[in-house]
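Asks: One structure, pasted below without further comment.
The values are calculated or read from the model by the stated rules, or taken from the named source; none is laboratory data. Keep in mind that this is a model prediction, so the values were computed, not measured. When we count neighbours, we look across all protein chains shown, and the Cβ atoms used for this are built from the backbone with ideal geometry, even at glycine. The area values use the complete protein model at the heavy-atom level, side chains included, leaving out ligands, DNA and RNA. Shrake-Rupley method; radii C 1.70, N 1.55, O 1.52, S 1.80 Å.
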Amino acid sequence: MNPAPIRIHRPAAGAQVSLAALPPLALYVHLPWCLKKCPYCDFNSHQAPDALPQARYLEALIADLDAALPQVWGRHVCSVFIGGGTPSLFAPESIDRLLADIRARLPLDPGCEITLEANPGTFERERFHAYRAAGVTRLSVGVQSFDDRLLARIGRVHDGAQARAALAEAREAFGTFNLDLMYALPGQSLAQLEADLDIALGFAPPHLSIYHLTIEPNTAYAKAPPALPDDDAASDMLDLITARTAAAGLARYEVSAFARPGQRCVHNLNYWRFGDYLGLGAGAHGKLSFADRIVRQVRWREPAMYIERALAGKAVSSEREITAVELPGEYMMNALRLAEGFEPARFCERTGQSIAAIDGALRQAEQRGLIERDGERWRPTVRGFDFLNDLQALFL
Ligand SMILES: C[S@@+](CC[C@H](N)C(=O)[O-])C[C@H]1O[C@@H](n2cnc3c(N)ncnc32)[C@H](O)[C@@H]1O
Ligand code: SF4
């Protein structure tokens, strides 16, 4: 393999970025293999080889971290998210070693949230307890549906019984867990969604993520799209989801995320509040702030290439500075996903700019009933959440 040199994009001379304080820093670690590629998935996930190169990949991750340390010197970490792919393909001993190697290099906040994504198709009874013993505090279980026919139709490797067994074990082994569902699946009826919600809520999940299935470019579904519920049916489904989750005590704190009090995901909240994150692993994205610039990074995407480059201390495949002109839009794309919205002081802290930069767009959004002011805070209205794309577009 002969990789191209790293691409570094610097903005043309213009308004300078200047930050008085750095935001919280989170750590994302990407494990890029799955048992089988799902036809709707555009994540950087690859079918696992017979022998997963766990030890070598861990070496590459730590070489990647070592090379990145000067960029986060003196900072501490508010959350760790081990995502994929299917991280639960990795043995608990590997996760234990990974977390020990991270702790030896970066100070984690006391009580730091450490999430690991798990797929019910890789579930073994003792595994979840062993992940907990390794230091994982929160499991995120990718269920999608409990309906065997729908699961088969969307190419999942597990059935409903395996999903239920994995959730029962997650609830038993972890103080807190997340359950991922998708809706508007091919041929799904409102009654089928209701049955999924009944079962999901029966586990009393502290946190629930429910995503509208989207057809992403470069997926098997993009090449051969299945028949999906129409917009009216999908909207009825969302109404059912919001009513049932609210009745179960789960607050919709982000467009697709629902949580009980005190159970919001620290890691994802940090993304939406425009915090920093160091992204390690194949294809991982990162965002890092410095006093005079904010940088986005991407790691080499293909696992073998990533391992080779990371071991050579060159895991980053491209890096670009976010320009001062782009910053308000980028901040708002995230903040408007949150029911809590944002405070002007936080906008200024994270972008280094005055709220005047978005004054016109705020007024327009307010006039159209998409956003409202509550004391110091601006937050999307119910209508703003329903027409989020229109609302976000006003700030771009
Ligand atoms: C990267 S996956 C990780 C979980 C694990 N790999 C799994 O699938 O069980 C995170 C979540 O994104 C959601 N997701 C993935 N592709 C999606 C798509 N095309 N549309 C909507 N949600 C999607 C699924 O709910 C999935 O659980
Ligand atoms: S298991 Fe998850 S990450 Fe892997 S292909 Fe399926 S949706 Fe994508």
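Asks: How much accessible surface does MET332 have with a 1.4 Å probe, in Å² rounded to 10?
Replies: 0
Asks: Whenever you get a sec, compute what percent of the accessible area on region 267-396 sits on carbon and sulfur atoms (1.4 Å probe). Walk me through the numbers on the way to the answer.
Replies: On the way: 2640 of 5360 Å².
Whole-percent figure for carbon plus sulfur exposure: 49.
Asks: Continuing with this model, one more query. So, in Å, what gap is there between the alpha-carbon centers of region 78-132 and region 277-348?
Replies: Here the answer is 22 Å between Cα centres.
Asks: Also, I was wondering about something else. With Rg and the Kirkwood Rh both taken from Cα atoms, where does Rg over Rh land for region 140-184?
Replies: 0.99
Asks: Show which lysines lie in cross-link reach of LYS37 when reach means a straight Cα distance below 20 angstrom and same-chain residues fewer than eight apart are skipped.
Replies: LYS223
Asks: Might you work out the accessible area of HIS129 for me, using a 1.4 Å probe with all protein chains in place, and round it to the nearest 10 Å²?
Replies: 80
Asks: Counting alpha carbon pairs within less than 8 Å and at least 6 residues apart, what relative contact order, in whole percent, applies to region 68-227?
Replies: 19
Asks: Let me ask something else. Accessible area of LYS36, 1.4 Å probe, to the nearest 10 Å²?
Replies: 90
Asks: Less than 13 Å apart at the alpha-carbon level, and either on another chain or at least 8 residues along: which aspartates and glutamates does that give for LYS36?
Replies: ASP50
Asks: List the lysines whose Cα sits under 25 Å from the Cα of LYS314, skipping any in the same chain fewer than 8 residues away.
Replies: Qualifying lysines at Cα under 25 Å: LYS287.
Asks: In the chain, what cysteines have no partner Cβ closer than 4.7 Å?
Replies: CYS34, CYS78, CYS112, CYS265, CYS348
Asks: What FRET efficiency comes out for the pair ASP359/ARG296, r = Cβ-Cβ distance, R0 = 35 Å, nearest 0.05?
Replies: It comes to 0.85.
Asks: So for PHE43, PHE290, PHE387, what's the accessible-area order with a 1.4 Å probe, most first?
Replies: Details: PHE43 125, PHE290 40, PHE387 95 Å².
In descending accessible area the options line up as PHE43, PHE387, PHE290.
Asks: Relative contact order of the chain: what whole-number percent is it, with Cα pairs under 8 angstrom and at least 6 residues apart?
Replies: With pairs under 8 Å counted, the relative contact order is 20 percent.
Asks: With the other protein chains left in place, how much accessible area per residue, in square angstrom, belongs to the chain at a 1.4 angstrom probe?
Replies: Result: 43 Å² per residue.
Asks: Summing -39500 (n - 2.57) over the DSSP H runs of n ≥ 4 in the chain and dividing by its residue number, what mean residue ellipticity at 222 nm do you reach, to the nearest 500 deg cm²/dmol?
Replies: Helix-only estimate at 222 nm: -10500 deg cm²/dmol.
Asks: A follow-up question, please. Report the charge-dipole magnitude of the chain in Debye, nearest 20, computed about the Cα centre from +1 at each Lys and Arg Cβ and -1 at each Asp and Glu Cβ.
Replies: Numbers: 41 positive and 47 negative charges, 161 e Å.
My answer is approximately 780 debye.
Asks: On the first, second and third principal axes, largest extent first, how far apart are the outermost C-alpha atoms of the chain in Å?
Replies: Result, largest extent first: 56, 53, 44 Å.
Asks: State the antiparallel share, in %, of DSSP beta bridges confined to the chain, rounding to the nearest 5.
Replies: Details: 24 of 62 bridges.
Around 40 percent of the beta bridges assigned by DSSP in the chain are antiparallel ones.
Asks: Could you check which residue among THR219, THR122, THR176 shows the biggest mean-square fluctuation in a GNM of the chain with a 10 Å Cα cutoff?
Replies: Maximum fluctuation in the GNM of the chain, among the listed residues, is at THR219.
Asks: Could you identify which residue out of ALA234, ALA200, ALA20 has the top mean-square fluctuation in a GNM of the chain using Cα springs shorter than 10 Å?
Replies: ALA20
Asks: Carbon and sulfur atoms: what percent of the 1.4 Å accessible area of region 1-158 do they account for?
Replies: On the way: 3820 of 7180 Å².
Ligands and nucleic acids excluded, carbon and sulfur give 53 percent.
Asks: When only Cα pairs under 8 Å and 6 or more residues apart are kept, what is the percent relative contact order across region 156-246?
Replies: Reported relative contact order: 36 percent.
Asks: Please list ARG156, ARG299, ARG103 from largest to smallest accessible area, probe radius 1.4 Å, with all protein chains kept in place.
Replies: Highest to lowest solvent-accessible surface, that is ARG103, ARG156, ARG299.
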